[in-house]
1. Of all residues in segment B:141-171 being touching a Phe, Trp or Tyr at 6+ places or on another chain (Cβ under 9 Å) and not in a helix (DSSP H, G or I), which is nearest to the other protein chains (Cβ to nearest Cβ)?
2. For residues that are among the β-branched types (Val, Ile, Thr) and facing chain B (nearest Cβ under 7 Å), tally how many sit in segment A:355-370.
3. What are the pairs, 6+ residues apart or on separate chains, where a residue within segment B:215-242 that is within 14 Å of another protein chain (Cβ to nearest Cβ) and part of a loop (DSSP other than H, G, I, E, B) has its Cβ under 7 Å from a residue that is of a type in the set (Phe, Trp, Tyr) and surrounded by fewer than 21 Cβ atoms within 10 Å (Cβ to Cβ)?
4. Looking for something free of Cβ contacts under 8 Å to residues at least 60 places away in the same chain, more than 17 Å from the chain's Cα centre (by Cα) and open to solvent by 20 Å² or more (accessible area, probe 1.4 Å) - is there at least one such residue anywhere in segment B:115-127?
5. Looking at segment B:174-192 only, could you name the residues that are outside any helix (DSSP H, G or I) and either crowded, with 17+ Cβ neighbours inside 10 Å or among the aromatic types (Phe, Trp, Tyr) (or both)?
6. Test A:THR156 against the criterion of being open to solvent by 20 Å² or more (accessible area, probe 1.4 Å), among the β-branched types (Val, Ile, Thr), without any contact (Cβ under 8 Å) to a residue 60 or more places away in the chain and farther than 20 Å from A:LYS113 by Cα, and give yes or no.
7. Here is a list: A:THR40, A:THR22. Which entry is in a loop (DSSP other than H, G, I, E, B) and open to solvent by less than 50 Å² (accessible area, probe 1.4 Å)?
8. Of the residues B:ALA363, B:ALA336, B:ALA340, only one is open to solvent by less than 20 Å² (accessible area, probe 1.4 Å), in a strand (DSSP E or B) and not aromatic (Phe, Trp, Tyr); which?
Protein chains: 2
Amino acid sequence: MMSPDEKKKLLECYRDGLLNDTLPFWIPRSVDREYGGFITSLDRDGAILQTDKSVWFQGRFAWMLATLYNTVEKKAEWLELARNGIDFIDRHCFDEDGRMFFSVTREGKPLRKRRYIFSEAFAIIALAAYAIGAHDDERRKQALDLFKRVLHHLDTPGLLPPKTCAETRPMKGLAVPMILLVTAQELRKAVKDPICDQIINRSILEAERDFLKPEFKCVLETVGPQGEFYDTFDGRMVCPGHSIELGWFILEEARLRGKDRRLIELGTKIIDWSFEMGWDREYGGILYHADARGLPCAEYWHDMKFWWPHNEAIIANLLAYQLTGDEKYARRHRQAHDWAYAHFPDPLHGEWFGYLHRDGSVATTLKGNLWKGFFHLPRMQWYCWQRLEEMS
Amino acid sequence: MMSPDEKKKLLECYRDGLLNDTLPFWIPRSVDREYGGFITSLDRDGAILQTDKSVWFQGRFAWMLATLYNTVEKKAEWLELARNGIDFIDRHCFDEDGRMFFSVTREGKPLRKRRYIFSEAFAIIALAAYAIGAHDDERRKQALDLFKRVLHHLDTPGLLPPKTCAETRPMKGLAVPMILLVTAQELRKAVKDPICDQIINRSILEAERDFLKPEFKCVLETVGPQGEFYDTFDGRMVCPGHSIELGWFILEEARLRGKDRRLIELGTKIIDWSFEMGWDREYGGILYHADARGLPCAEYWHDMKFWWPHNEAIIANLLAYQLTGDEKYARRHRQAHDWAYAHFPDPLHGEWFGYLHRDGSVATTLKGNLWKGFFHLPRMQWYCWQRLEEMS
């Protein structure tokens with residue numbers, strides 16, 4: 001079991017890491033005082049590698065800062081910087097059709113638009129968290145309206161063209177119910193609208209019914225519209241870090257519903273399966289991909305160790321331990337924590353490397369790009385700190 | 001220098017590898033006698049991993065077989081199997097707008113269509129090589145017509161939607177002049193039409209003028225319409241194996257034009273730069289990506305060792321040696337050959353692994369997928385065998 005002393009040390013590790021290492025790495029470096037918004041493509045020492053901006057990160061960065069403002073300390077700088085992201089989104093990140101871009105130039109001119117709704121999801125959680133901090137009802141409404149627009153886009157055939165010819169082989173991805181689940185959870189903190197609980201329930205049901213495969217003891221990334229299993233590279237693909245993340249989103253819902261037993265069972269089952277399939281018994285750490293049938297993966301970099309699956313595994317096992325008291329989760333939390341802290345932190349310039357080879361050696365020294373920035377690591381540090389405070 | 005004995009051993013290595021190892025790995029396993037065409041997603045031992053078909057490989061496979069028929073031996077099976085690919089292309093691989101799909105199901109139903117012209121390019125070279133072997137003027141015409149259609153699609157704004165918002169940052173890729181160059185070279189063997197030489201000249205000029213960057217001693221993958229350098233991850237990206245391939249396409253043109261001096265200079269310069277930038281001084285082998293300014297690469301798997309850049313490096317250095325007699329190229333050919341043959345061949349089931357970690361260990365044991373099949377390795381074995389016969 002986790003002793004009080006261990007809990008104290010872990011709490012300090014996450015809290016101090018967030019406040020004294022992660023935050024000062026990104027701020028002020030990432031903040032674009034000239035054009036607004038955030039630049040996340042930073043080298044090991046924080047030097048800018050490119051100034052193109054990730055739309056995801058305008059929302060993610062702003063969400064994390066507003067959340068810290070709302071839950072940690074009312075530091076005016078944090079709320080002001082969250083607004084810096086939101087203002088940039090308002091001004092530059094929407095296309096004329098109401099959908100959002102994926103990347104823009106430093107000045108905010110559009111570069112890429114993709115066929116997904118993740119830019120919108122991260123904007124929604126930023127708006128919701130900011131609305132709470134700033135007591136801003138306009139932003140609340142904006143967040144809810146954008147959420148409804150996302151649902152409209154997802155539920156209206158033809159608005160988001162599929163990657164695969166849908167007539168031949170209709171497919172759907174786990175990422176959609178997952179992002180809807182967590183977005184609705186964040187939106188619900190700001191907006192009392194029944195749509196949040198509806199979407200949360202619907203998303204959990206859909207994930208459980210269509211993506212969980214007891215015959216393989218895993219959660220698939222891609223299935224048919226009714227959960228059909230396709231025996232192809234894509235159809236067999238598992239991303240253990242991603243499904244571990246789904247597991248803790250469900251456990252978080254269990255926590256908020258007074259330790260809901262059914263949700264605890266579901267969430268821990270997902271975490272158990274995914275940790276079992278994803279943990280590398282040879283080198284330690286969590287493999288990026290696995291094949292449900294144990295066949296070779298299609299992605300040649302499948303066995304790399306990315307930072308974020310380890311963030312998710314640390315959160316998921318700590319939360320599972322908090323909700324169940326099962327020491328298996330304390331042990332696995334320690335296992336994931338120890339491997340991650342032995343391999344990812346940069347002893348020279350702080351923060352974490354993002355991409356390691358299977359054996360744990362660093363594959364690239366950059367600290368940020370369009371996918372890595374001020375999000376997964378600080379979210380883990382903040383969330384685990386909160387849980388450990390509750391547990392103390 | 002390369003001694004007669006070395007030449008003889010190399011010739012046997014390539015010839016016997018092709019005839020006794022590579023060919024029997026893929027044939028008959030890949031041949032779909034039920035639905036036609038070729039299945040390339042094979043496991044280490046040749047077991048099928050998925051039956052979805054790569055449209056690229058219907059053309060590539062057919063081209064390689066028809067080329068062997070035309071240049072090695074008039075084996076009826078080879079021409080008949082080439083026709084098996086071409087028939088499948090005819091029946092299943094064209095969309096109603098005249099463009100081709102990227103992947104289809106085993107039965108030939110469309111799965112994916114992409115915004116590029118590579119499916120078409122591989123179909124053209126297959127048609128051209130088959131036309132020669134079968135003395136089939138209809139196929140000659142079909143190849144030329146399809147080539148003209150590709151040029152029309154490339155040269156008509158709006159027909160192939162760009163990935164990046166073209167108004168903000170217009171970009172073009174090295175792959176387009178490269179594929180046009182080699183496609184026109186193959187088409188020219190079957191069709192006497194001035195368009196082949198025109199496109200060959202235009203493509204070499206464009207590559208030299210817009211993609212070669214003496215200030216970085218490299219060939220960029222992506223530039224602006226007039227060769228503008230963009231100081232971003234994409235703009236700085238170099239793929240040494242890809243530019244080495246460009247180098248030998250140009251040297252091949254020099255060879256066919258009676259050792260054209262200007263083309264030899266250009267091709268060897270490209271090979272020198274790319275080999276210098278791509279060779280891994282720590283572990284050996286050719287790194288997949290490099291950054292023109294030496295900054296971290298955006299692709300986290302940038303330092304993996306793929307099979308095909310090694311195929312290209314072995315061809316390029318052998319051909320450079322044949323054309324210049326410079327022993328530097330004999331040495332580099334040996335260097336690339338030795339590293340590749342020490343790491344890629346599968347001692348158990350034959351053929352080559354495709355994807356190694358930076359240190360040369362195998363990252364995935366599969367032998368084929370939608371990108372790896374009967375193409376780069378047999379092309380190297382066949383082409384080097386031909387060159388060594390000339391040199392003997």
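The values are calculated or read from the model by the stated rules, or taken from the named source; none is laboratory data. The model shown is predicted, which means the values in this text are computed figures rather than measured ones. Ideal geometry is used to build each Cβ from the backbone, glycine not excepted, and the neighbour counts take in all protein chains shown. We work out accessible area using only protein heavy atoms, side chains counted, and drop any ligands, DNA or RNA first. Shrake-Rupley method; radii C 1.70, N 1.55, O 1.52, S 1.80 Å.
1. So the residue we want is B:CYS165.
2. 2
3. Matching pairs, first to second residue: B:GLY224/B:TYR230.
4. Checked segment B:115-127: at least one residue is free of Cβ contacts under 8 Å to residues at least 60 places away in the same chain, more than 17 Å from the chain's Cα centre (by Cα) and open to solvent by 20 Å² or more (accessible area, probe 1.4 Å).
5. Within segment B:174-192, B:LEU174, B:VAL191 meet the criteria.
6. Here the answer is no, as A:THR156 does not meet what is asked.
7. After ruling out the rest, the residue left standing is A:THR40.
8. Testing whether each residue is open to solvent by less than 20 Å² (accessible area, probe 1.4 Å), in a strand (DSSP E or B) and not aromatic (Phe, Trp, Tyr) leaves just B:ALA363.
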